[in-house]
Amino acid sequence: MSTLVADCPRCGAQKMTHDVQCQAWVSQRYNWQNIYEVGCHCRNCMKTATFVVALSKIRLQERFEKENALVSFDGSLNLAFNVERYISCRDEIGRAPPKHLPDPINAAFSEGAICLAVGAPNAAACMFRLCVDLATRPLLPDTKDVSLKQPNEKQRRDLGLRLAWLFDNGHLPDSLRSLAKCIREDANDGAHVGNLTTEDTLDLVEFTERLLNRLITEPRELELAGERRLARRRVV
């Protein structure tokens, strides 16, 4: 059975050895860094805790993708994994990001969901606003292409003005326009005034989810479906 050295969240013992008893794959970053949750038993207080660990060496990816590899590893997982945190009340209520998001947008959405879950709506609003900002910047035309209609510098810089320009010029579906007002109202209040309620932030969450699904998730799902169709035809 493998071990993990980490600060125990149950008794507070620092750099304590834990026996690893179970594992669960959670996600993957950068197309190689696998993230796991590992259930551990503290040797000091004899209580259990679950840690989130991230693979630290790409060359070990295949080795630890085998069934139950983290639990059966003969040694300390610290040799191959970084301990990121432990599972706590922040994980009780979660809002999963839409699928296929680029890592920066996925990270911002996840952080916003955590802020919302722990009762920090203003911080959550800032993170969901960041998601929209990152997702819409690539929709702006290249400044060097003189054949395309261009927004002015303020429209490029200001998210609310940028969204209005993108809607007016057909770069965003008009069906989302009515929801987009939360960016100008609620998101700005969250960043500059700090007077949002959870209900206010949920409007922003709804717009962010719909926008990301339309811009990123749905096109990628269609692309993957096309790839599966071609693969089936090659097999036949």
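The values are calculated or read from the model by the stated rules, or taken from the named source; none is laboratory data. What you are looking at is a predicted structure, and each value in this text was computed from that prediction instead of being measured. Cβ coordinates were reconstructed from backbone atoms using ideal geometry, including for glycine residues, and neighbour counts include every protein chain displayed.
Here are the numbers for this structure:
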| item | result |
| --- | --- |
| Among residues of the range 126-182, those that are among the polar types (S, T, N, Q) and part of a helix (DSSP H, G or I), counted | 4 |
| Flag if HIS41 is under 24 Å from THR217 (Cβ atoms) and either within 15 Å of the chain's Cα centre (by Cα) or of a type outside the set (Gly, Ala, Ser) (or both) | no |
| Criterion violated by SER72 - all others in (1) surrounded by 17 or more Cβ atoms within 10 Å (Cβ to Cβ); (2) at pLDDT 95 or above satisfied | (1) |
| Options GLY112, GLY119: the member that is within 23 Å of the chain's Cα centre (by Cα), in the same structural domain as LEU176 (by TED's automatic domain parsing) and surrounded by fewer than 16 Cβ atoms within 10 Å (Cβ to Cβ) | GLY119 |
| Residue within the range 36-58 that is more than 30 Å from VAL132 (Cα to Cα), hydroxyl-bearing (Ser, Thr, Tyr) and touching a residue at least 60 places away in the same chain (Cβ under 8 Å) present | no |
| Residues satisfying the stated conditions in the range 1-26, i.e. surrounded by fewer than 18 Cβ atoms within 10 Å (Cβ to Cβ), among the small types (Gly, Ala, Ser) and within 28 Å of the chain's Cα centre (by Cα) | ALA24 |
| Test: GLU153 is within 20 Å of the chain's Cα centre (by Cα) and not polar (S, T, N, Q) | no |
| Odd one out for ARG177 among (1) more than 20 Å from ARG137 (Cβ to Cβ); (2) at pLDDT 85 or above | (1) |
| Every pair of residues 6+ apart whose Cβ atoms lie under 7 Å, when the first sits in the range 5-27 and is over 27 Å from ALA96 (Cα atoms) while the second is exposed (fewer than 12 other Cβ atoms within 10 Å of the Cβ) and aliphatic (A, V, I, L, M) | ASP19/MET1 |
| Selection from the range 79-109 of residues that are buried (at least 17 other Cβ atoms within 10 Å of the Cβ) and more than 30 Å from ARG210 (Cα to Cα) | ALA80, PHE81, VAL83, TYR86 |
